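Report on the structure given below.
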Amino acid sequence: MLADLKKIPLFEGLPDEDLLMLAQRAAIRSVPGSEVIVREGDPADSLYMILSGKVKVYLREHGGKEMLLDVKGPGSTSAR
């Protein structure tokens, strides 16, 4: 996990002891492709790091249509 954190630009320059503290508090979880991880308006209380696979970032418009904003992959982060 420490090596993964070092690859993220957000954590550039942090000492290893700080990265180790983050790694110790991290939880690795697998998410099925159809699961919604974060919804617009959710409180920001977590940070997600993608180790493998991809995450679709979209905005749901009125009427239920989805507008694709971005696709995140390994090393990308998203605050929640």
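See the values below:
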item: Pairs where the first residue, in the stretch 1-28, is among the acidic types (Asp, Glu) and the second is assigned to a helix (DSSP H, G or I), C-beta under 9 Å, 6+ apart; result: ASP4/ALA23; GLU12/LYS6; ASP16/LEU2; ASP16/LYS6; ASP18/PHE11
item: Among the residues listed as LEU5, LEU69, LEU19, the single one being in contact with a Phe, Trp or Tyr (Cβ under 7 Å, 6 or more places away or on another chain), hydrophobic (A, V, I, L, M, F, W, C) and open to solvent by 90 Å² or more (accessible area, probe 1.4 Å); result: LEU69
item: Matching residues in the stretch 22-36 - criterion: being exposed (fewer than 10 other Cβ atoms within 10 Å of the Cβ) and either of a type in the set (A, V, I, L, M, F, W, C) or farther than 14 Å from SER52 by Cα (or both); result: GLN24, ARG25, ALA27, ILE28, SER34, GLU35, VAL36
item: Top-ranked residue in the stretch 38-66 [being among the small types (Gly, Ala, Ser) and surrounded by 10 or more Cβ atoms within 10 Å (Cβ to Cβ); ranked as modelled with the highest pLDDT]; result: GLY53
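The values are calculated or read from the model by the stated rules, or taken from the named source; none is laboratory data. Given the structure is predicted, the values throughout are model-derived calculations rather than measurements. Because the Cβ atoms are built from the backbone with ideal geometry, glycine has one as well, and the counts that use them run over all protein chains shown. Keep in mind that these areas ignore ligands, DNA and RNA; they rest on the heavy atoms of the full protein, side chains included. Shrake-Rupley method; radii C 1.70, N 1.55, O 1.52, S 1.80 Å.
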